[in-house]
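The structure appears below as structure tokens.
The values are calculated or read from the model by the stated rules, or taken from the named source; none is laboratory data. The shown structure was predicted, so the numbers you read here are calculated from the model rather than taken from an experiment. Here the Cβ positions follow ideal geometry from the backbone for every residue, glycine too, while neighbour counts run over all protein chains shown.
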């Protein structure tokens, strides 16, 4: 009997090969030939599971986003005492140190590639908008009893999002991946600043 092949498992195998290739050589080096070499699959077999090469790249990006979403929506670390601790736990799950280095590097390379790839641009814009919405909702809830204005919420959301992006960029370009202990301290200091700037009941 012919061996049963799970199409989704094959697609995930290809996506992981794309991530490894991006980490080692950059997104511009991803080709069907290199994917075949890393997976042991024939190029024709890869084409059987994807309509074209653009779908290979788009699917791999969707895998990155799905894994990031699963981490950010998890409950690990949600043992704090207030809404700001909830923000801190979410940030920690989404920041370098918890996000695998190769996924962080690949995500940033996709952001740059999207400038010249319209089929990726829309999906990446949607992903970024959803992330900003999540952070904004958490910030609004955390500062709801502090007298913070809508403008305060908007600016703090931009600040937190920029901090995450900065950590991701630093991790991607550092000789060694960021130490999770350093990331924890950075997030803790950010929370301390927010508590000092927006005391409860103010």
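Just to be sure, is residue 127 surrounded by fewer than 17 Cβ atoms within 10 Å (Cβ to Cβ), touching a helix residue (DSSP H, G or I) at 6+ places or on another chain (Cβ under 9 Å) and in a helix (DSSP H, G or I)? Walk me through how you get there before you give the answer.
Values: surrounded by fewer than 17 Cβ atoms within 10 Å (Cβ to Cβ): no; touching a helix residue (DSSP H, G or I) at 6+ places or on another chain (Cβ under 9 Å): yes; in a helix (DSSP H, G or I): yes.
When the stated conditions are applied, residue 127 does not pass them.
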Looking only at segment 169-197, and only at residues there that are surrounded by fewer than 13 Cβ atoms within 10 Å (Cβ to Cβ) and within 15 Å of residue 152 (Cα to Cα), the one that is farthest from the chain's Cα centre (by Cα): 196
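What helices (runs of 4 or more DSSP H), lying completely within segment 1-96, carry at least 2 residues that are at pLDDT below 95, over 20 Å from the mean Cα position of the chain (by Cα) and closer than 30 Å to residue 135 by Cα?
Values: elements: 7-25, 32-39, 43-49, 53-72, 83-94.
The helices (runs of 4 or more DSSP H) meeting that bar are 83-94.
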Residues located in segment 97-121, provided they are at pLDDT below 85, over 16 Å from residue 56 (Cα atoms), touching a helix residue (DSSP H, G or I) at 6+ places or on another chain (Cβ under 9 Å) and assigned to a helix (DSSP H, G or I): 115
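Considering each of 142, 114, 200 in turn, give the residue that is touching a residue at least 12 places away in the same chain (Cβ under 8 Å) and buried (at least 16 other Cβ atoms within 10 Å of the Cβ). Before the answer, list the steps.
Numbers: 114 fails: touching a residue at least 12 places away in the same chain (Cβ under 8 Å); 200 fails: buried (at least 16 other Cβ atoms within 10 Å of the Cβ).
Step by step, each of 142, 114, 200 is checked, and only 142 is touching a residue at least 12 places away in the same chain (Cβ under 8 Å) and buried (at least 16 other Cβ atoms within 10 Å of the Cβ).
Looking at 164, 134, which is the one that is closer than 29 Å to residue 19 by Cα, under 12 Å from the mean Cα position of the chain (by Cα) and modelled with pLDDT of 85 or more?
Working: 134 fails: under 12 Å from the mean Cα position of the chain (by Cα).
The unique qualifying residue is 164.
Would you check if residue 30 is in contact with a helix residue (DSSP H, G or I) (Cβ under 6 Å, 6 or more places away or on another chain) and on the phi < 0 side of the Ramachandran plot?
Numbers: in contact with a helix residue (DSSP H, G or I) (Cβ under 6 Å, 6 or more places away or on another chain): yes; on the phi < 0 side of the Ramachandran plot: yes.
Spelling it out, residue 30 is indeed in contact with a helix residue (DSSP H, G or I) (Cβ under 6 Å, 6 or more places away or on another chain) and on the phi < 0 side of the Ramachandran plot.
Quick one: would you say residue 139 is at pLDDT 85 or above and more than 18 Å from the chain's Cα centre (by Cα)? Don't jump to the end; show me each part of the working.
Numbers: at pLDDT 85 or above: yes; more than 18 Å from the chain's Cα centre (by Cα): yes.
Yes, satisfied.
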